[in-house]
Amino acid sequence: MAEILVLGGGMVGVSTALACQARGHAVTLIERGVPGRETSYGNAGLIQTEAVEPYAMPLSPGALFQIALGRGFDVKWTPSGLLPQFGAILSYARHSLPAAHRRASEVWGRLIRQSTDRHAPLVEAAGAGNIIRKNGYIEIHRTPARMDKARATAERVLSEFGVEARLMTGAELRALEPAIKVTVEGATHWSDSWNCADPGGLVASYAALFERRGGRIVNGDAGDLHRKGAGWAADEAEGEHAVIALGPWSPMLTGRYGLRVPMVFKRGYHRHYHVEQAPNHPIADFGNSVVLSPMRRGLRIATAAELSPHPRLSPPQLKHGEKAARELFDIGAPVEAEPWTGRRPCIPDMLPVVGRVPDQPNLWAHFGHGHQGFTLGPVTAEILAEELDGGEGWAQLSPARFRRG
Ligand SMILES: Cc1cc2nc3c(=O)[nH]c(=O)nc-3n(C[C@H](O)[C@H](O)[C@H](O)COP(=O)(O)OP(=O)(O)OC[C@H]3O[C@@H](n4cnc5c(N)ncnc54)[C@H](O)[C@@H]3O)c2cc1C
C-alpha cells in the first residue's frame, strides 16, 4: 500500500482517487474549491461511447476562411487568445491531418468504448442513478446535405468501431421528442451513450463515495507541491506519490518539473433556461454549434470553442445558440444572471496525458482529456492506477512523448 496525493478534484482527479483507493492505497485528494465545480461542472453532461474519434481541427480552406473572418459559431477567437497558444494550435492542425487523426482515433476509440462500463459501478456505488439517463442523445440535422453526411458517418462508425446509431426522419424525431416545435430534415440517435442531469453533482457523489470508503479530501492549494524526502507534500498533505490532475491548470505545474505540455484551451460557455416541456434526450444541434441538455436546473445550452484568455460577458456563440434553441423549443428566461464559462484542456495530438512524469520519481500526470474528460475520467484513471501499481501503462498516452518533440 502506498500513500498517494491526487491534485485536483474534477472528474479526472476524483476518478483517479477512487481507482487508486480500490487498489488498496491510502489516498488524499487536494482541491482548492469543491470537487466538481470547474470544467467537470460546466459540460454538456454526455458520457459518450459514440465519440470514437477525437475532435479534429477543421482544415478545409472554406472552414479556415470562415474561422479567420470570425464567421460561423464552431470556433471564435481573439488575437490575445490565439497568439500565446499559436504553436500548440499549429501542432493540433498537423495532428488533424487524416493519417495522424486515424492513428489518434485508434487509441481514443479503445478508451471511449469502455466509458459506460467504467462509470457503471461508480454510479451504482455512489447512489447516483437518479441523475444518469441511459437513453443516449440525439443529433439533429437541419438540411438534406447534413442528413446525407450523417448517414455516411453512421455507416462508417458502425463498420470501423461497432457503434450503433438509429437514423430518423424529422417526423420520427417529433414522435420521440414532442417538445420539438418544428420538423427538421432528420436526426441521429446515438443510443448507446449516457447523459447526466447534473455533471457537477455526479463528481460530488463520486467524491462522497471516495470519502465513505476512507479517502481524505483536503481543501487546499496544490500549487504548493514540493518534494519532501523521497515523496511529495502539498498544502497540509504528504504522500509517497503525487498525481497531477488539475485539468486546464496542469501544464503550469508540470512545467515546474521539466514536463512542458502544449495545450490548446478551448473555452466553452453554458447557461440554463427555464423550460416547460424539456426534451427527453440531450439535443445536439451541431449546425448551430450547440448542445441542449435537459438538466436539473433547466435546459442547458452549451457552446463550442472560443480561443480567448478572458470570458466575454455576452458570448456571441451563446446568443446564437439561444436563438437556435428557441426555434426548437418553448424556452423561457435564463436561470442565472451570467453564463458559466470554462476551458477544455486539449492536447494537440488529441490524446490525454496519462502516466509517469519523466525524470521525476513518483510524480504522475493525468490530464488533457479535451472534449471528453467527463466521459473518460474513470477509464484513464484505471490505466494510471494500474501503471502506478507496476503495470506498463499505455505508451501512446505517456508524458514521455513530450520529451521527444
Ligand atoms: C462547454 C463544455 C462542454 C463539454 N461537454 C462535455 C461532454 O458532454 N462530455 C464530456 O465527456 N466532456 C465534456 N466536456 C469536457 C470536460 O468537461 C472536461 O474534459 C473535463 O471536465 C476535464 O476534467 P478535469 O478533471 O481534467 O478538469 P476540471 O474539472 O477542471 O478539474 C480540475 C480541478 O483542479 C482544481 N484545481 C486547479 N488548480 C488547483 C490548485 N492550485 N489547487 C487545488 N486544486 C486546483 C480545480 O478547482 C478543478 O476542480 C465539455 C467541456 C466544456 C467546456
When you scan region 236-257, do you find a residue that is closer than 30 Å to E322 by Cα, in contact with a Ser or Thr (Cβ under 7 Å, 6 or more places away or on another chain) and assigned by TED's automatic domain parsing to the domain that holds L29, even just one? yes
Which residues, taken from region 299-316, are more than 13 Å from the ligand (Cβ to nearest atom), surrounded by fewer than 20 Cβ atoms within 10 Å (Cβ to Cβ) and not polar (S, T, N, Q)? P309, H310, R312, L313, P316
With the condition kept exactly as written, say whether any residue in region 30-49 is surrounded by fewer than 18 Cβ atoms within 10 Å (Cβ to Cβ), β-branched (V, I, T) and either in the same structural domain as T153 (by TED's automatic domain parsing) or at pLDDT below 95 (or both). no
Out of the residues in region 334-345 that are touching a His at 6+ places or on another chain (Cβ under 7 Å) and within 15 Å of the ligand (Cβ to nearest atom), state the one that is farthest from Y269 (Cα to Cα). P345
Given the criteria part of a loop (DSSP other than H, G, I, E, B), closer than 17 Å to G42 by Cβ and assigned by TED's automatic domain parsing to the domain that holds S191, does P294 qualify? no
Here is a check on your reading of the model: is G87 touching a Ser or Thr at 6+ places or on another chain (Cβ under 8 Å) and either assigned to a helix (DSSP H, G or I) or more than 16 Å from the ligand (Cβ to nearest atom) (or both)? no
Contact list, first residue from region 15-27 and on the phi > 0 side of the Ramachandran plot, second anywhere and outside any helix (DSSP H, G or I) and surrounded by fewer than 24 Cβ atoms within 10 Å (Cβ to Cβ), beta-carbon distance below 8 Å, six or more apart or interchain, is G24/M1
Of the residues in region 377-398 that are over 16 Å from V6 (Cβ atoms) and in contact with a strand residue (DSSP E or B) (Cβ under 6 Å, 6 or more places away or on another chain), the one that is surrounded by the fewest Cβ atoms within 10 Å (Cβ to Cβ) is G393
Report yes if some residue within region 260-273 is more than 14 Å from the ligand (Cβ to nearest atom), under 30 Å from F329 (Cα atoms) and assigned by TED's automatic domain parsing to the domain that holds K319; otherwise report no. yes
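The values are calculated or read from the model by the stated rules, or taken from the named source; none is laboratory data. On a predicted model such as this, the values are computed, not experimentally measured, just so you know. Note that each Cβ is placed from the backbone with ideal geometry, even for glycine, and that neighbours are counted across all protein chains shown.
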